[in-house]
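Just below is one structure, and these are the notes that go with it.
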Amino acid sequence: MNHIVIIGNGIAGITAARHIRKLSNHRITVISGETPYFFSRPALMYAFMGHLKFEHTKPYEDWFWAKNRIELVQDYALTIDTVLKHVYLQSGNVVQYDILILATGSLPNKLGWIGQDLGGVQGLYSKQDLDLMTVNTRDISRGVVVGGGLIGIEVAEMLHSRKIPVTMLVRETSYWNSVLPLEESLLINRHIRHQGIDLHLETELTEILPDVHNRVRAVRTNKGDEFTCEFVSLTAGVHPNIEITHKSGIATERGILVNEYLETSTPNVYAIGDCAEIVSEDSTPKSRVEQLWYTGEMQGETVARSICGERTKYERGILFNSAKFFDIEYQTYGSVPARHADEKSLYWEHPDRRRSIRIVYTSEQVIGFNLLGIRYRHEICKQWIAEHRSIEYVLEHLDQANFDPEFFERFEQEMIVLFEKQTGKKIHLRKQRSFFGFKKFLGNVRASV
Amino acid sequence: MNLIQIEIPQPTHPKESIMKKIGLAMFALGMLVFLSGATGAFENIKLFYCLGSLGLAALGGVLFILPSRNDGLPGIKNNGVMFRAISNRGALAWMTSVFLTGFYILLYWYPEYLKGLITSTDVISFGMTGKAATQWFLYGTIYTLAILVMGMKMIIKYRHSRYQIVRTISVMFFQLVFAYLIPHILEAFQQPEYYFTYFWPLKTSVLFPNDLQWLKSQPGALPQFMVFWGVIMSIIGVPILTYFFGKRWYCSYVCGCGGLAETLGDPYRQNSDKSLKSWKVERWMVHSVLVFITVTTGLLWANSIYGGELLGSASMYFSRWYGFLIGAAFSGVIGVGFYPIMGARVWCRFGCPQAAILGIFQKYFSRFRITTNGSQCISCGNCSTYCEMGIDVRAYAQRGENIVRASCVGCGVCSSVCPRGVLNLENGPVRGRVST
C-alpha cells in the first residue's frame, strides 16, 4: 500500500482520488488551500448569480470523503523535495508521499497592463476570486470585462444578473472567433448586445486608471475611449499554475511537462489537468495544455489506472465541449475549425437568429457538429464521426441525434432542404419509430386539416 | 461560505413597474374586500361583492405577473433565488408557512372560524350546484384560482420551453375542468360529486366497499360509469399509462396536488432536502402509507364480505384515522403549509400513496427515464438544487448514468435548468434503460 498525495482538489485531482479508491487500497491524501471540499468550478458563476448557494456546488456530501477513506488537508502546498519525497505546506507541516499527483490548476493571465494590480481589478478562477468579486462589485455603477472568451462572457452574465451595467472589451473582430466560425460568432455578438451589454469589438485595453484610494476609476482603450467603472475583470485566458515545482527539479515549460502517460520528468510524480503540458512526439503542435473540465476528468481517470497497476496512455478521443452564452447553449462534437480549409460545412440558422446547426464534412465523412440553442446527443455524434459516416448518412438519420425535450420544434427537415439546395442531391429523412406511431398520426391529422 | 447577501436593485421599465404596482394594489384591495365581507357587511350585494373581490384579486395577480415576460430575454433566470427571503427560508418564507399551515388547520378542524368566508362564496356555490357553500367549496375555489393565476406565471417564466408550457396548461386544464367545474356541475344535476382524475389509493373511496356500494345504488347510468371508471383506471389504466409515459402523466400533467405544487409551489422547489438521509426517510414513509392503505382496503373488503362480523366497528375507526392523519394532516397541513420551507412536493414525496404506487411502476415497469447526454455534465448542481423531489440528479449525470428513480415526477425542470443540455426526459425501450 502506497501513500498517494494529490495536490489540488479540482476536477482532475478529485477524479484521480475517486478512481484510485475504486481500484485500490492505497492511502490517499488530497491537499488544497482553496476549499475544504471539492466543488464545481464552472458553477461558481451560479453562486454569484444566486441560482445556487456555494454549498450546492459541492457534488458530494461532506461525509463522502471519510467514508471512502480519502483524507482531505486544507493547506497550501508550497514546495516539493523529490529526493526525500516530501511536500512542504504553508502551516509548516510536511507530508511524505510515495506517489505524487500535481493537479494545481491555472492562474488568470495578467498581460502587463498598466494598473492591473489596482483595487477592484481581478481575474476569476478560484473561490477566493469569487468572494473578492462579491465585495468588489458591491454598489458599483459599471463593470468592465476585458477578454472575449468563455470566462469573459460568464463574468458579463454574472454582473448583468445583478443589474450592473457591463462594458465588454474584445480584441478580436468578433466574439471568440478564434474558436467559433464566423456565423456562430456573429450570432453570439448579437445576443450579447441584445442582453444590453456594451460590447466593443477590435478594442484593446491600454490602461487602467486609479483613483485616490488606488482603486480603479476608469479604463482606457486603444481607440482612445475612456470608460468609468469601479470593477475590471481580466479574463484574457489562464496559464498553468506551476509555482510549486520551483527548485524541485521537475521539468516545466508553459506547464508541468508530462508524456502521454501523464508522467513528469521525475519518477513517481504525475501532473494532470490545467497545470500539465502534454508532450507527444507525433502530433502538431508538439505540446498542448488542455484547460477543460472534461479533459481534467479524463486525465484524472487515466492517471488512476496507471497508478493502480495498468500503465495507461492518455487519449482524449473525439473532441467535445459545451458552454452557455447567456441564454444560448453551445455544444460541439468533433472538429469544427473556425476557418475552413478543404472541408465543407452545412450551416443552418433559425429565423429567430438564436439557434443554429452546423455540420462539417469532407467528401468522405462528417467530422464535426456545432450547435447553438439546440441539443444533440453526444453518443450518436461521436459514433458517426468514429464510424466515418458520410454526410448523406448523417442527414438521413439526423432524427436520432436530436436531444431537445419533447414538444420542442425539430429542424432535421430544414437541414436536409438546405443540403439538397446546395448539392442537388436527394435525401430521405428516416424517422425514428415512435410510440404507436403517434407522431405519424399527428402528422396525418395535420396534413388532412 | 461567506457570500455576502446584497440587495439587488431591480430597475425595470417604468411603465411595467407601474403596471406591477397597480396589480399588487388590486390584489391587496380585492383580498381586503373579500375578507371584510366575512362579517356579512355586503349582504345586499352578495354576487357583486363575491365575484368582484375575488375577480379583482385574481386580475391584480395577473397584472402583476404579465409584465415579467419582458424582464430580460427568455431563458432560465433564477437570479437572486438564493438571496431572497421568500425563496430562501427567510422571515417572509416562515410567515407564509405559518399562515398557510394555520389556514389548513382552520379549514380541516375548525371550519366554523371560516364561516363568514364560506358564506361569502355561497352565491357562486348556489349558481353552480344549487346548494350553500361548504368549506370545501371555498377551498376548491381559492385552490383553482391559485393554479390558474400562478400557472400563468409558470408559463411566462418558462416561455422558452414548450415542455413546461404544455405541462402547465395541462394541470391548469385538469384542475379547472375535472377537479372544479365537473364535480360541481354534477352536483347541480343531482349526481354524485365525482372526481374523474383521482384514483385509488389517493382517493380511497374509489375502491372502498361502502363507497362503491353506495355509488352503485345510485339511480341512472352515470354512477355506474363512475364505479367502472374508478375501478378500471385504478387497476388497469394507471399501470398502462405509467408503463408508456412514466409517473409524470399523472403527477405533472393531471393531479391537482401536483398542479398546485407546480404553479403556486414552483418558487420554493429548491428547498427540498437532497441528502441521502432524506431519501431513506422518504422511502420508508411513502411506502408505509401505501402498505397501510392497501391493508386497510383489504380488511374493509374482507369485512364487507363477512358481513361486518370480522372487524365490527374497528374498520370504520381505521379509515377515519387514515383520513385524519394522511388525508388532512399530511396532504394539507404539512403538504401545502410547509411549501416555503421544505419545497412544494413534501406530500408527493413523503406521503402520497398514489405517488408510491406510480413510483413502483416507474422504477420496474416503465419506458420512462431521464437520459444523460454522454460526458457533458459539469457537476454544477443546478439539476439537483431545482429538483422538487429531492433527487440528487447530479450524482447520476456526472457519472454519465441515466436517472430511473421511483420518486421522479417528470416535471422536466432539471432538463430546463441544465446549462450544458445534459438531461432529457424520454420514453424508450425498457432494455438498457438504467445504464445509458
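Quick notes
- When the stretch B:370-411 is filtered for residues that are of a type outside the set (A, V, I, L, M, F, W, C), within 13 Å of another protein chain (Cβ to nearest Cβ) and under 21 Å from B:Val166 (Cβ atoms), the ones remaining, listed by number, are B:Thr371, B:Tyr386, B:Gly410.
- Residue identified as out of contact with any Pro (no Cβ under 8 Å at 6 or more places or on another chain), within 14 Å of another protein chain (Cβ to nearest Cβ) and on the phi > 0 side of the Ramachandran plot among A:Phe369, A:Phe403, A:Phe407: A:Phe407
- Selection within the stretch A:380-400 - within 14 Å of chain B (Cβ to nearest Cβ) and either in a loop (DSSP other than H, G, I, E, B) or more than 27 Å from B:Cys411 (Cα to Cα) (or both): A:Cys381, A:Lys382, A:Gln383, A:Trp384, A:Ile385, A:Ala386
- Every residue from the stretch A:330-353 that is buried (at least 20 other Cβ atoms within 10 Å of the Cβ) and within 11 Å of another protein chain (Cβ to nearest Cβ): A:Tyr330, A:Gln331, A:Thr332, A:Tyr333
- Residue in the stretch A:28-36 that is touching a Cys at 6+ places or on another chain (Cβ under 6 Å), more than 14 Å from every other protein chain (Cβ to nearest Cβ) and within 21 Å of A:Leu102 (Cβ to Cβ) present: no
- Single residue of the stretch B:262-302 satisfying the filter (surrounded by fewer than 20 Cβ atoms within 10 Å (Cβ to Cβ) and part of a loop (DSSP other than H, G, I, E, B)) that is nearest to the other protein chains (Cβ to nearest Cβ): B:Ser275
Rundown of residues vs (1) away from chain B (no Cβ under 14 Å); (2) of a type in the set (Asp, Glu), yes/no style:
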site: A:Pro42; (1), (2): no, no
site: A:Ala47; (1), (2): no, no
site: A:Leu52; (1), (2): no, no
site: A:Lys58; (1), (2): no, no
site: A:Glu61; (1), (2): no, yes
site: A:Lys67; (1), (2): no, no
site: A:Ile70; (1), (2): yes, no
site: A:Tyr76; (1), (2): yes, no
site: A:Asp81; (1), (2): yes, yes
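- Under the condition of being surrounded by 18 or more Cβ atoms within 10 Å (Cβ to Cβ) and either outside the structural domain of B:Ile22 (by TED's automatic domain parsing) or closer than 14 Å to B:Gly127 by Cβ (or both), the residues counted in the stretch B:33-48 number 1.
- Condition check for A:Asn2: at pLDDT 95 or above, more than 10 Å from chain B (Cβ to nearest Cβ) and touching a strand residue (DSSP E or B) at 6+ places or on another chain (Cβ under 8 Å): yes
- Considering the stretch B:99-136, and only residues there that are free of Cβ contacts under 8 Å to residues at least 24 places away in the same chain and among the β-branched types (Val, Ile, Thr), the residue that is surrounded by the fewest Cβ atoms within 10 Å (Cβ to Cβ) turns out to be B:Thr134.
- Every residue from the stretch B:412-436 that is in a loop (DSSP other than H, G, I, E, B) and either polar (S, T, N, Q) or within 11 Å of chain A (Cβ to nearest Cβ) (or both): B:Gly412, B:Cys418, B:Pro419, B:Arg420, B:Gly421, B:Val422, B:Gly428, B:Pro429, B:Ser435, B:Thr436
- Considering each residue of the stretch A:354-376 in turn, none proves to be surrounded by 22 or more Cβ atoms within 10 Å (Cβ to Cβ) and part of a helix (DSSP H, G or I).
- For the stretch A:125-142, a residue qualifies if it is more than 8 Å from chain B (Cβ to nearest Cβ), part of a helix (DSSP H, G or I) and over 13 Å from A:Met45 (Cβ atoms), and the qualifying residues are A:Gln128, A:Leu132, A:Asn136.
- Extreme residue, farthest from B:Phe174 (Cα to Cα), among residues of the stretch B:204-261 that are surrounded by fewer than 23 Cβ atoms within 10 Å (Cβ to Cβ) and among the small types (Gly, Ala, Ser): B:Ser217
- Qualifying positions in the stretch B:143-195 - buried (at least 19 other Cβ atoms within 10 Å of the Cβ), part of a helix (DSSP H, G or I) and hydroxyl-bearing (Ser, Thr, Tyr): B:Tyr143, B:Thr144, B:Tyr163, B:Thr168, B:Tyr180
- Subset tally (residues that are charged (D, E, K, R) and away from chain A (no Cβ under 13 Å)) for the stretch B:81-112: 1
- Just so you know, in the stretch A:172-205 the residues that are out of contact with any Leu (no Cβ under 8 Å at 6 or more places or on another chain) and over 27 Å from A:Gly368 (Cα atoms) include one that is surrounded by the most Cβ atoms within 10 Å (Cβ to Cβ), and it is A:Leu199.
- Qualifying residue in the stretch B:303-323 (condition: modelled with pLDDT of 85 or more, over 30 Å from B:Tyr139 (Cβ atoms) and outside any helix (DSSP H, G or I)): no
- Per-region count, the stretch A:157-205, residues within 14 Å of chain B (Cβ to nearest Cβ), under 28 Å from A:Gly112 (Cβ atoms) and assigned to a loop (DSSP other than H, G, I, E, B): 3
- Taking the conditions (1) among the small types (Gly, Ala, Ser); (2) in contact (Cβ under 8 Å) with a residue 40 or more places away in the chain; (3) touching a helix residue (DSSP H, G or I) at 6+ places or on another chain (Cβ under 7 Å) in turn, B:Gly230 satisfies each one other than (2).
Listed here are the residues, each with its yes/no results for (1) in the same structural domain as B:Ser161 (by TED's automatic domain parsing); (2) small (Gly, Ala, Ser); (3) touching a His at 6+ places or on another chain (Cβ under 8 Å).
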{"residue": "B:Gly381", "(1), (2), (3)": "no, yes, yes"}
{"residue": "B:Ala397", "(1), (2), (3)": "no, yes, no"}
{"residue": "B:Cys414", "(1), (2), (3)": "no, no, no"}
{"residue": "B:Pro419", "(1), (2), (3)": "no, no, no"}
{"residue": "B:Leu423", "(1), (2), (3)": "no, no, no"}
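- Given (1) assigned to a helix (DSSP H, G or I); (2) touching a residue at least 40 places away in the same chain (Cβ under 8 Å), number of the condition B:Gly80 does not satisfy: (1)
The values are calculated or read from the model by the stated rules, or taken from the named source; none is laboratory data. From a predicted model like this one, the values you see are computed outputs, not experimental measurements. Quick reminder, even Gly has a Cβ in these numbers, built from the backbone with ideal geometry, and neighbours come from all protein chains shown.
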